[in-house]
Every structure is written in C-alpha cells, then in structure tokens.
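The values are calculated or read from the model by the stated rules, or taken from the named source; none is laboratory data. Predicted model, so just to flag it, every value in this text is computed and none were measured. Because the Cβ atoms are built from the backbone with ideal geometry, glycine has one as well, and the counts that use them run over all protein chains shown. Accessible surface areas use protein heavy atoms only, side chains included; no ligands, DNA or RNA. Shrake-Rupley method; radii C 1.70, N 1.55, O 1.52, S 1.80 Å.
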Amino acid sequence: MMRVATTLLSPEEMGRVSLVLTTIAFFALFFVSPVGTFINRRLHAWEASGAARHYLVRYVNYLLFVVLIAAIGSYIFYVMGLADFGISIGWLIFLVCGSLLFNTINQTAIPSLNLLGDSGKFVLLSVATIAASFASATLLVQTVHPSAQYWLLGLLFGQTIIGAIGVKTLFARLQKTKTLNTRPAVFRRHRQMLFGFAWPVAIAAGLGWVQGQGYRYLMEGQLGLAQLGLFVAGYGISAGMIAGFESVLTTYFQPRLFRDVSTGNAVKQAQAWQRYAAAVIPSLLLTVAFIVMLAPELTRIFLGKDFQSAADYVVWGALAEAARVLVGAYSLIAHVYMRTRWLIVPNLVGAVLSITFCALLIPRFGAEGVGAGLVLSGLAMVATMHVLLVRRAGGGGAPIRPVLMAGVSAAALWGLTLVLRYLLNSPGLGMIAGVLVLVSITYLGLQYIFLREHLEDSKKVT
C-alpha cells in the first residue's frame, strides 16, 4: 500500500492524507478508544451472561453521538486554520465522521471474534479489510483523481463493506451464547463503572495523540506539506511493519491475557502480565533492530521514486514506534487491575516532552528534529510507566534475561547485514532482494526461538 500510495500520490498529497488521518485519530483516541478498551475487558463476561449483543448495539448509539461531536470539532479545526488540510470542509467532515463510525465498527466487530476464540475468521476478515481498502483506494485514485480525499475514500469503502460482514459474523457467533429472558438493563452502577474506567483512558489517549501525532500540525506549519509527506512516508514503513508485528502477537497472546485476568485474582493477574511481557517485548526489540538495519533496502522497496530520501525517517519511525508498543504493553497493567488513572501521569509526560522537543528541534534540524523529539519523549514515557506502574502493581517489570538475549541477537543480525551488503556489493534490485531475503529468514528463525516456549505454554493453557 505504501509503494502504491507514494507512486500515485505526490508528497504534498501524502501530507494531506496524514493530516486527515491525524484528525480522525484525535477523536478516535479521545472518545472511542476508552469505551472500546472497556468492551475488550468485559466482553467475556458479557458473553457468559448473554448480554453482549445488547451492549454492542448500545455502543453503536454512542458512536453516532461521537460522530456529531467530530463533525462540530472538524469544522472548528478547519475554520481556525489549525492546519492547511488542502481539501474542502465537506470532504474533511465526511471522511472524519465516516471513518469514526464505519472503521470503528469494523475494528470492534472483527477483533471481538478473536477475543472470543474465533481467530480464523478474525484473520480472514482482517486481511479482507486491507485488501478491499487497498483495491478501492487504488481504483479511485487511478480513475477519478490522484488526491488525498479519493485515497481515503477508497480506504473507508473497504472498511465499511468488510465491517458489515464482520458484524454479521460476530452476531451469529454471539447468538450461540446463553440468552436472557429480558433485555439487560443499564443501571447507574454500570454507567459509573464505565465512566470510572473510561475517563482516565480518554485523557491518557488524548495525551498519547499529542505525543505521537500532534507534531504533524506543527510540522506542516513550519516545514510544509511536502516535507510532512516525506516524513510520514518513511515513518509509515516502520509504523506499518511494527503494527503488523504487534497485531500478530496481540492476536495470539492478548485473548489469553484477558481470559487469565478475568478471575480477579491479583497474583494471577500479575503473573499473566509477566507472561505477556516476556513474549512481546524481546520480539519487539528484535523487530526494531531488523527495520533499523534494513532501512535503505526497505525504502527502495516500499516507497516511490519521489520518496527515496525518506530512509532516515524509517529509522526514527522504528525507534519511536518501539516506544509506543512498549507503552501499550505497560498500559495493560492498568487495564488488568482496572486502575486506568495510573496512565495519566506517564501520558502527560510524553505529551509535554513531545511537543516541547519538536518545537525546539524543528527550527534547527528540520524533519530530523521531529524524529529525535518523538524518540526522546517516547523513551521518557516508557521510563515513567516502568517506574510508576510496575511499583503500583507490585510486579517485577519486563523480564531482563530475554531482553538481553534479544540485544545479542540484534547485534548478530546487524553483523550479518553488513557482511551481506559487502558480499553482494551492487546498487541493483538483485542485491537489495538478496539482503532482504537472507536477513529476513534469519530474523524469522530468531523470532521462533524467542517465541517457541510461549507458544507451547499457550497451547497447554488452551
């Protein structure tokens, strides 16, 4: 998708795409993510009581309220000149509101299948969503106009079609659970439980948006859409690859985590998070090393000819996204213990430092300053989360030995990459493909070594 997008769209249009997606992310993280996280935490209990279908329908009503807020907010963003979106106000409101409604439905229904144990349909529908969105976006950009709004419209179309199939599949799955004679009521205590869980998540998510995406408005204002488009394209390679890695591991290990912590036993909850961290964190570090070492080759493969100068941004993106995934892993401690207020201080630290570093570094270092600011603020946020959340939960934090082993493996992978570049010394695509294939095979072998024990333990539990 990145290769096609950066071939069909100019850097300026890619900058516009990033601004619209950032605006969508603001409303999604602040209003949608907290309630979605609560649904993930409670879905097993709802299924057991037969109330899941009813509560999910009520969730759609809430999404319509969010869409109304987003329409008003997008209009305010536009007239205030917060950023030069380069599209009409009608397009902006349509894309933001449409994505919030239909993409959220897609990203609620399909992952819920995985949480309930139907991983096969989850994988099928997830891949179908990507394929349908990709095909639709490419077709519209080629046949109508090579602009940001038609690329985003195509993505939305695919998300909507496959999301509808996902809803039908999920509701068919939920019909097999125990049903109630009467519709489950939503009492005051239910609303208080939801609000008590969700408001800290909303604040933390909003601050997370400032930390991870707020720089785009700042960068567009100081460096322009073209430079923003180049940065986001390079960053997007790392973000896409790490998101894919994260999706695979969370698909496999998060259902077990939420199932293990549903008992309410504090000791088992701490042990469950420890097992999750021991599986995810070392593998993440190896993935980051893989992307950083192969940044030049990945740029040649995944970006169009107008974006080949973005290789440095791939490195910054890998480091910044690594911090984001680590933050997500530590955030699960607060979700496990239903103490989401623990997330506010770390996210506040990350948000303040991100904007501060970027504002200070952009005038002197340009786009490189953005990358450095995101990495430094991410590391500070991870350190804050480790100190505060692990201490409050009474746990031991991330396992040290697997992390050190991941560092040794990353060094070996780096050495192999240098040797292959020396032996296959050629500027052609053949050399690039050779280095990528051989290093990738080694990387996958190392990942199997790290994950084998956890996969076997997971099979024993299931």
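To keep it simple, each residue is scored yes or no on (1) surrounded by 20 or more Cβ atoms within 10 Å (Cβ to Cβ); (2) at pLDDT 90 or above; (3) assigned to a helix (DSSP H, G or I); (4) β-branched (Val, Ile, Thr).
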{"position": "Met193", "(1), (2), (3), (4)": "no, no, yes, no"}
{"position": "Phe197", "(1), (2), (3), (4)": "yes, no, yes, no"}
{"position": "Ala205", "(1), (2), (3), (4)": "yes, no, yes, no"}
{"position": "Gln211", "(1), (2), (3), (4)": "yes, no, yes, no"}
{"position": "Met219", "(1), (2), (3), (4)": "yes, yes, yes, no"}
{"position": "Gln227", "(1), (2), (3), (4)": "no, yes, yes, no"}
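Scanning segment 412-435 for residues that are open to solvent by less than 30 Å² (accessible area, probe 1.4 Å) and closer than 20 Å to Thr287 by Cβ yields a total of 6. Across segment 112-121, the number of residues qualifying as in a helix (DSSP H, G or I), closer than 14 Å to Lys168 by Cβ and open to solvent by 20 Å² or more (accessible area, probe 1.4 Å) comes to 1. Within segment 82-100, the residues that satisfy the criterion of being touching a residue at least 24 places away in the same chain (Cβ under 8 Å) and open to solvent by 30 Å² or more (accessible area, probe 1.4 Å) are Leu82, Asp84, Gly86, Trp91. The condition of being at pLDDT 95 or above and under 27 Å from Leu223 (Cα atoms) holds for Val96.
Only one entry in Val280, Val327, Val288 is farther than 13 Å from Leu249 by Cβ, at pLDDT below 90, crowded, with 20+ Cβ neighbours inside 10 Å and of a type outside the set (Gly, Ala, Ser), namely Val327. Would you call Phe77 open to solvent by 70 Å² or more (accessible area, probe 1.4 Å), in a helix (DSSP H, G or I) and either under 17 Å from Phe27 (Cβ atoms) or in contact (Cβ under 8 Å) with a residue 40 or more places away in the chain (or both)? Answer is no for this residue. Checked against (1) open to solvent by 10 Å² or more (accessible area, probe 1.4 Å); (2) touching a residue at least 12 places away in the same chain (Cβ under 8 Å); (3) within 27 Å of Ile333 (Cα to Cα), Trp46 passes all but condition (2).
For segment 52-82, taking the residues that are of a type in the set (Gly, Ala, Ser) and over 20 Å from Ala198 (Cα atoms), the one that is modelled with the lowest pLDDT is identified as Gly81. Selection of segment 122-139 for residues being among the aromatic types (Phe, Trp, Tyr) and over 19 Å from the mean Cα position of the chain (by Cα) yields an empty set. For Thr104, the conditions (1) in contact with a Leu (Cβ under 7 Å, 6 or more places away or on another chain); (2) open to solvent by less than 40 Å² (accessible area, probe 1.4 Å); (3) over 21 Å from Gly36 (Cα atoms) all hold with the exception of (3).
Within segment 304-324, no residue satisfies the criterion of being of a type in the set (Asp, Glu) and outside any helix (DSSP H, G or I). Screening the candidates Gly350, Gly317 for the property of being buried (at least 24 other Cβ atoms within 10 Å of the Cβ), under 15 Å from Gly236 (Cβ atoms) and in contact (Cβ under 8 Å) with a residue 40 or more places away in the chain yields one hit, Gly317. Of the residues Ser74, Ser112, the single one that is hydroxyl-bearing (Ser, Thr, Tyr) and within 17 Å of Leu21 (Cα to Cα) is Ser74.
Can you name the number of the only condition in (1) more than 30 Å from Phe85 (Cα to Cα); (2) modelled with pLDDT of 90 or more; (3) open to solvent by 20 Å² or more (accessible area, probe 1.4 Å) that Ile161 fails? It is condition (1) that Ile161 fails. Gly397 meets all of the listed conditions (1) at pLDDT 85 or above; (2) in a loop (DSSP other than H, G, I, E, B); (3) not hydroxyl-bearing (Ser, Thr, Tyr) but one, namely (1).
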